[in-house]
Structures are given as structure tokens and as C-alpha cells.
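Here is the structure we will look at.
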Amino acid sequence: MSPFLTPSRRALALGLLVALVAAGAVALAVGGCGGNSPTTAQVPTRGQSLETIFEAQTELLTDPSATLDLLKRLGVTRVKVFVPWASLAPDALSRTRPQFDASSPASYPAASWSIYDAIVRAAAARGVGLDVALEAPAPLWATGPGVPHGTAAGFLGAWKPSPQEFGLFVAAVAKRYSGHYKPSGAGSALPRLDFWSIWNEPNYGQQLAPQAIDQSTVEVSPMLYRGLLDAAWNALEQTGHAHDRVLIGEVAPRGQTLGDQPGNFSGMVPLRFIRALYCVDGALRPLRGEAAALRGCPTSAAASAAFPREHPALFGAGGFAFHPYPQGFAPNVRTPGFPDYADLPQVPSLEQTLDRALAAYGSSTRFPLYDTEFGYQTNPPEATIARAVKPSQAAAWSNLAEYMSWLDPRIVSWDQYLLADPPPGASSFDTGLQFYGGKPKALYAAFRLPLYLPATAGPSGHALVVWGCVRPAHYVMLHSGGPQVADIQLKPAAGGTFETVKRVTVTDAYGYFDVPVTFPSSGLVRVEWAYPHGPRIHSRTVPITIR
């Protein structure tokens, strides 16, 4: 999560970028366009469907079991767990390193591990995956020299963290969650973890600093991050996790470009960060000479040839993670004048930058993209910032964003950041599915049963494409071994109640469907599905016009 405000938009009238390609990009189901007989929904033409990643750190740290029960009922397949380095390290606020074996889990305070142990055991018991993000702040004894005088206490742990010490920390976590480690006094070994994110938003100065020096002309944070990746990768390999899924990147979608920015603690635009991370210039060719040396990069062709071998995480990671927050606007509206952003409209630029950066070293790798943070701030409760939108608008735009992600075969996950909003006054990042206190927002239903129609008007007898997802069906199908059936319903504009227009047999592992439906009249469309032996639930409604 980063608080960068999106610059003023003069291009809101651009409209729906995705609508122009939707008709050709959507795989339509073959079969009748009316009636109540089930139609088997098509799976998108892609390597895999979108798995759902969710962040509910506050609730997880308070009650892991209840939180995971709720998230599983919502259909969440993977939960992101932030493990700040300083939350485990001994004497984290001291500048003097304590004498201990930092690679041994037994050397860390037992009480510090307890909540993470509980989360790992609870997730394993429920068959819910975890994405463990090893992140800032570092303990102060593992930070570097030169932090500016007067730096806020909350930023100190981001300053030049030691790669060597970080590698030892990663080794301790990896050993503890190897599947073989039995803590003192425990009755059984802790479950194995096999999915990792390395750091969080390294292009954001409150996570990794300094971002840039010399009036922000020389990038520093990419060099720091490169060292952290090397250390983490080696630690995972040496502790039996060589075949785990490791995500790199985790970049914030925006940054500052004016004046002496990003400086120490502001944010660097992500594509600039990626170019410096891979030691390539604006044309995506390897840096040379002083420009390379200043950024810790190879200065010769021979050194460039060794670059992939010396930095294996940059070329062998299991995916590149990004945080495509739209910050108050429709997810298909591009910010004019900022080509180095990495929100959803600019995913093609992100993909091209990554592909060409790797290709500069002879690699044909095309990383899958993991969306690991996404959400809309809503008003209410946040009434003081322009980027907060009405909950109903957030629900509609969130479904559009998920549809856009589904259309791109490189994107392999969909993320929701926060279950409930933080307490009033604690934060302005009110992106939860629930208000503080637990009352559902419109986002709650939109997340559980996403619904989007690329076109909402057409002539009589013309089918409209209905795209959606029965997210909770994932676990139901795992347990039952069979598909699920959802009803696409219409409430006529002329009056009446919701009636089923088409029944859809959902076979996609993550619950997605995509079918043409001929509606008899204008009205409101929704999706209905029932939990086994439980309540019937509904999506948000979408108005359609049949002429």
C-alpha cells in the first residue's frame, strides 16, 4: 500500500478501453442463449485462471482461525501474510547487533513466532494457501549508515538494510517452515511453506531507502533490492526451498517524478525502478560506463554475460508481483503523461519492460504477473480525500478490474486488500469489504460473486456476454468433485421479481464463467448461487437495456 495521489486526470472521457477488445477477447460458450437448462461455461484461453489472494493482516493477527474460516467461505485460495523482519528480530530497536545465530529459528524469541505459527497451522488445517511476505522494517542493527538526521522513527528500518543479515533472517524463517521443524514443546512439526514474496513495495521510500541520490538522478533502491533478492534466493535454496514459488517486485503502481523526487523516502515510478533493477537504460539496453557503475551494474559485456548467473532471482523467480491500485478512477483509465506507471491500463508497458529487460541478457523468460494488492478506498467512511469513491462505484469498478485481469493471460491472480476498514482516524486507506465494525459494503457481494457485462445494451434477440465468478465454488468443487450451477437472473424494468434466464454449469477451478445470454427485456441482471445446505447469495445488479 502506498499513499501516492494520482495526478489530475484530463482524460476521464477516454471511456472504457477494454470495451473495444472485449467482443474479440471473450471466449463464448457454445449452446443455447435462453432457457433454464444448464450451459457449461467456457474457461478463458489462458494458461491458468485467476487465483484469489487476500490481505487481512489485522484480523489474522487477532484471530487466525476465525479469519481463515471467513476467507475460505468467501472462496479465497491464498492469504498474504506480512512478516516484518523487525517483528521477529531480537533487540530490533537497538543499533547494536545482539550476539545470536540469526539463521537459527531457535535463536529468535519464541513469543515472536507464536502468532505466525498459529496462522501457518490454521491455514494448513483448512487447505488455504499462504503468500508469506518477508518485508521491512529491518531491525535497526541491520540498517546501514548515513540515515538523515531527523528521519521519522517509522522510516528508520527501511534505510540500507543489510543483505547478509536479511539472508540469515530468511534462512531462519525458511528452516522453521520447512515441514520438519518442531518447536520446543510442540506436539508436531510446523507445516511447510512454499510461496514467498521478497520485500514489499521496494520502489517506495518508507519500505526501502534511499530511493535515489544526486537530485534523484541516480537510482539507489533498485541496487539495494537486488542485494536483498540475492540474499533471500540463496537462503531459500540452501534451506530446502529451491522449488518454491518466489515472487519478486511487489511494486507500488506510481511514484514521484517532479523536482528532487523521489529522493530518500518518496516513491519511484515502477518502470524506472525495474529498468535500474535490471541495469538497462531507457531503451532497455544494458547500461555501460559510469551510469552502470553508479547503480551497481555490470560495466562491460563480459560482466553483463554473468549478470543472470549472479542474480538468479531476477531471472528465475516464480512471478513478478505488482499492486495496480487505480486510486479513485476507473481501472481502465490511463494516466496521461506518466508512461512509467504500472496500474492496470499500463500492464502492457509493464510486461514489455520486463520482457525486454530480461531479453537484454539473452533470457526468454516471460514472468507471470501476480496482483498482490488491490482495492478501492470508499466514501463513506473516508470523506476527506478525492480518490475515495462511493461503495457502489467501487464494487462496479472492482468487478471491471477483475475482468480486465482475467482477459490478460499473463496475470494469474486477483487480490483484495483488507477485509475491514481500519478504525476511524487510524488510516485513510479504507479499502475493506466491510466498514469498521463489520457491516458489509457493496464490495462484499461484488467480491464474493463478481459480475461484469462488457456490453449492457443490445437489440432484441441479441445475446449479451455475462462474465462472472462463483468464488466460493472453488472449495465446494474440491470437496464434492463436481461442478456447480449458478443462475443468471433478470428483474424486468417493467416490474416483477428476479427470474432465472440461464443456468450456468461452472467447471473452472476458481469459479469463473463467461456465457452469452439472450435477455427478454430490459432490467436488472444478477447472479444467484447457493452454498451447499446454506443460504442463497447474490452478486451486485447490473442494469441492461434491450431495444
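The values are calculated or read from the model by the stated rules, or taken from the named source; none is laboratory data. Every value quoted in this text rests on a predicted model; they were computed, and no experiment measured them. Note: ideal-geometry Cβ built from the backbone for every residue, glycine included; neighbour counts use all protein chains shown.
Miscellaneous remarks
- Test for ARG366: is it in contact with an Asp or Glu (Cβ under 7 Å, 6 or more places away or on another chain), more than 19 Å from PRO253 (Cβ to Cβ), charged (D, E, K, R) and surrounded by fewer than 21 Cβ atoms within 10 Å (Cβ to Cβ): yes
- The set of residues in region 341-386 being closer than 16 Å to GLN327 by Cβ, at pLDDT 95 or above and of a type in the set (D, E, K, R) consists of ASP343, ASP371, GLU373.
Conditions (1) touching a residue at least 24 places away in the same chain (Cβ under 8 Å); (2) crowded, with 18+ Cβ neighbours inside 10 Å; (3) over 19 Å from ARG366 (Cβ atoms), marked per residue:
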{"position": "PRO286", "(1), (2), (3)": "yes, yes, yes"}
{"position": "GLU290", "(1), (2), (3)": "no, no, yes"}
{"position": "PRO298", "(1), (2), (3)": "no, yes, yes"}
{"position": "ALA303", "(1), (2), (3)": "no, no, yes"}
{"position": "PHE320", "(1), (2), (3)": "yes, yes, no"}
{"position": "HIS323", "(1), (2), (3)": "yes, yes, yes"}
{"position": "ARG334", "(1), (2), (3)": "yes, yes, yes"}
{"position": "PRO345", "(1), (2), (3)": "yes, yes, yes"}
{"position": "GLU351", "(1), (2), (3)": "yes, yes, no"}
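- Listed by position, the strands (runs of 3 or more DSSP E) contained in region 466-547 that have at least 2 residues being modelled with pLDDT of 95 or more and either at positive phi or acidic (Asp, Glu) (or both) are 523-530.
The rows are residues; the columns are (1) within 30 Å of GLY75 (Cβ to Cβ); (2) touching a Gly at 6+ places or on another chain (Cβ under 9 Å); (3) small (Gly, Ala, Ser).
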{"residue": "LEU134", "(1), (2), (3)": "yes, no, no"}
{"residue": "PRO139", "(1), (2), (3)": "no, yes, no"}
{"residue": "ALA153", "(1), (2), (3)": "no, no, yes"}
{"residue": "ASP194", "(1), (2), (3)": "yes, yes, no"}
{"residue": "GLN211", "(1), (2), (3)": "no, yes, no"}
{"residue": "ALA235", "(1), (2), (3)": "no, yes, yes"}
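- Selection count where residues are part of a strand (DSSP E or B) and crowded, with 23+ Cβ neighbours inside 10 Å, scope region 53-79: 4
- Residue among GLY263, GLY255, GLY240 that is closer than 30 Å to GLY150 by Cα, touching a strand residue (DSSP E or B) at 6+ places or on another chain (Cβ under 6 Å) and in a loop (DSSP other than H, G, I, E, B): GLY255
- Single residue of LEU277, LEU294 found to be crowded, with 20+ Cβ neighbours inside 10 Å and either among the β-branched types (Val, Ile, Thr) or modelled with pLDDT of 95 or more (or both): LEU277
- GLY425 being on the phi > 0 side of the Ramachandran plot and in contact (Cβ under 8 Å) with a residue 12 or more places away in the chain: no
- Residue-level check: of (1) over 23 Å from VAL476 (Cα atoms); (2) surrounded by fewer than 18 Cβ atoms within 10 Å (Cβ to Cβ); (3) under 24 Å from the mean Cα position of the chain (by Cα), ALA136 misses just (2).
- The set of residues from region 156-196 being in a helix (DSSP H, G or I), of a type in the set (Gly, Ala, Ser) and out of contact with any helix residue (DSSP H, G or I) (no Cβ under 7 Å at 6 or more places or on another chain) comprises just one member, ALA158.
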